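Only one structure is covered here, and it is reproduced in the block below.
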Amino acid sequence: MNRFLASPALLTAFTLLLLGTFFRVLRVEVAPEVLPNFSPLMASALCGALFLPGWIGLAVPVVALLVSDLLLNLHYGAPLLSAQLLWTLPGYLVAVAIGWSLRGRTGLIPVLGGTLAASVFFYVVTNTGSWSGLTAYPQTFAGWVQALTVGLPGYPPTWTFFRNSLAGDLLSAAFFVVMEQALTQRKARVIA
């Protein structure tokens, strides 16, 4: 374990997590209208839990979410901690739990399946939270379906946010491939 903490694989994992966190914040500053909701933070949460050792694999992705939320709330002039966190945090915690449960499994297919499950869960929970928290939505089954599909008038349909977030989440595949390569190189150096 201690050798892993000082390894290039751990440095790679932390770098990818930092990039995912800051991409989420910088995209809003640089190109907010391009691919709204596109962010590799969910991929970072899932793969961070998959590859980082022990409690670090649980804590670092959650801290990354909280730091990026604080920075985004500051950017938008919103309260630093908002009720929206009650809708988003469970989605990221599920991604972390899925990543944690995939430890020891090999192959890209389980990671992609876990990513899809985390993405769908996040989408349903956050849109249900919006439906229940915004008076603009009728508090009926039809209002909930509206929150999950077309959203509110004057805004892009919510399904486009799902499409964009799923595209960002699927970067877990790239994260996985990079980490597998780093771990393979580490094993090759240990054998040599």
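Taken together, the values in this text are just the output of simple stated rules run on the coordinates, not laboratory data. Keep in mind the model is a prediction, meaning the values are calculated, not measured. Note that we place each Cβ from the backbone using ideal geometry, even for glycine, and neighbour counts take in every protein chain shown.
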Conditions (1) surrounded by fewer than 16 Cβ atoms within 10 Å (Cβ to Cβ); (2) farther than 22 Å from Val63 by Cβ; (3) among the small types (Gly, Ala, Ser); number of the one not met by Ser82: (2)
Of residues in the stretch 149-182 being within 19 Å of Gly48 (Cβ to Cβ) and more than 19 Å from the chain's Cα centre (by Cα), the one surrounded by the most Cβ atoms within 10 Å (Cβ to Cβ): Ala182
Any hit, the stretch 109-118, residues being more than 12 Å from Leu46 (Cα to Cα), surrounded by 12 or more Cβ atoms within 10 Å (Cβ to Cβ) and touching a helix residue (DSSP H, G or I) at 6+ places or on another chain (Cβ under 7 Å): no
